[in-house]
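Worksheet: one structure, shown below.
The numbers here are math on the coordinates, done by the rules we state, and not lab data. Just so it is clear, the model here is predicted, and its values are computed rather than measured. Because the Cβ atoms are built from the backbone with ideal geometry, glycine has one as well, and the counts that use them run over all protein chains shown.
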Amino acid sequence: MRKNIVAGNWKMNLLPEEGVDLVKSIIELDRPNDVVSIVCPSFTHLHAIREVLNDQSQIHLGAQDCSTHDSGAYTGQISAPMLKSLGAEYVILGHSERRAYQGESDELIREKTINALHHDLQVIYCCGETEDIRIAGNYIEHVLSQIKKAIFNLEETQIQRITIAYEPVWAIGTGKVATPDQAQEMHAAIRKSVANHYGEKIANSMSILYGGSCKPSNAKEIFSNPDVDGGLIGGAALKPADFVALHHSF
């Protein structure tokens, strides 16, 4: 059975003490028990936020990236073992901003994914198309190619620890939002591709999230699609009431 998930990607926002206050505010608000809640702050925040979370909070901790390496002369990089030691359970990999600003390739993201899974992190794998690709009409082929290159080399036991997040890059921070039909079209294509490679059982158990200017005003319509299992949330994740409202949008 697929999980409904609301994951907050805080990106490079908030100081650690502000992040702690944000999580405390989220904890105080009522959230449905059947929705998985994840917060993904900057690396510098992980320890302080882990100290605030507890089993009763039912909020999981995630990171925004990790290295392909476990240790060594890789200045500025953060390893999967480091993330695990700070209490992270999830890690976002392949985010469109890292693809664009750090030039990350599908091959590099594949290596990161394999290493994260090796260290028992669950992966939120991001894929998506730019506006030019959308306009050209080959957006489904583009996204499925990303997925095939990055995660279709995984074993069945590994792929079951992957959550896919579809990001229409043209809708991130632009105010544009994919229509419910556009979101469903891509999510259905992704699920079908997973089914063709790994079988219906695995495809039907995989959560696929929408990530593109999702907020309380549009989430209910997007989340109501049969192949949309929640969202990877940006700006709305920084507002406690908005973030919690998304949990009530299923």
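Which percent of Cα-Cα pairs in the stretch 115-250 sits in each 10 Å bin, short to long?
Using 10 Å bins, I get a P(r) of 12, 43, 34, 11 for the stretch 115-250.
Output the direction-averaged projected area (hull surface divided by four) of the convex hull of the alpha-carbon atoms of the stretch 79-129, in nm². Numbers along the way, then the final one.
Numbers: hull surface 13.6 nm².
Dividing the Cα hull surface by four gives the mean projection, 3.4 nm².
In whole angstrom, how far apart do the alpha carbon centroids of the stretch 104-169 and the stretch 177-235 sit?
14 Å
Could you line up Tyr125, Tyr74 from fewest to most neighbouring Cβ atoms inside 10 Å?
Details: Tyr125 24, Tyr74 12.
Final ranking by Cβ density, sparse to dense: Tyr74, Tyr125.
Which of Lys112/Lys239; Lys11/Lys192; Lys24/Lys149; Lys24/Lys148 have a Cα-Cα distance over 32 Å?
Numbers: Lys112/Lys239 30 Å; Lys11/Lys192 30 Å; Lys24/Lys149 39 Å; Lys24/Lys148 39 Å.
Over 32 Å apart, Cα to Cα: Lys24/Lys149; Lys24/Lys148.
Could you put Leu117, Leu209 in order, starting from the residue whose Cβ has the fewest other Cβ atoms within 10 Å? Please list the in-between numbers first.
Working: Leu117 21, Leu209 25.
Ordered from fewest to most neighbouring Cβ atoms within 10 Å, Leu117, Leu209 come out as Leu117, Leu209.
Under Stokes-Einstein, with the Kirkwood radius over Cα pairs standing in for Rh, what whole-number D in µm²/s applies to the stretch 4-247 at 20 °C and 1.002 mPa s?
On the way: Rh = 18.0 Å.
Result for D is 119 µm²/s.
May I have the extent of the alpha carbons of the stretch 21-165 along their three principal axes, as whole Å values ordered from largest to smallest?
Principal axes ranked by extent give 46, 39, 31 Å for the Cα atoms.
Return Tyr90, Tyr198 ranked ascending by Cβ neighbour count within 10 Å, so the fewest neighbours appear first. Working shown, then result.
Working: Tyr90 24, Tyr198 19.
Sorted ascending by nearby Cβ count, the order is Tyr198, Tyr90.
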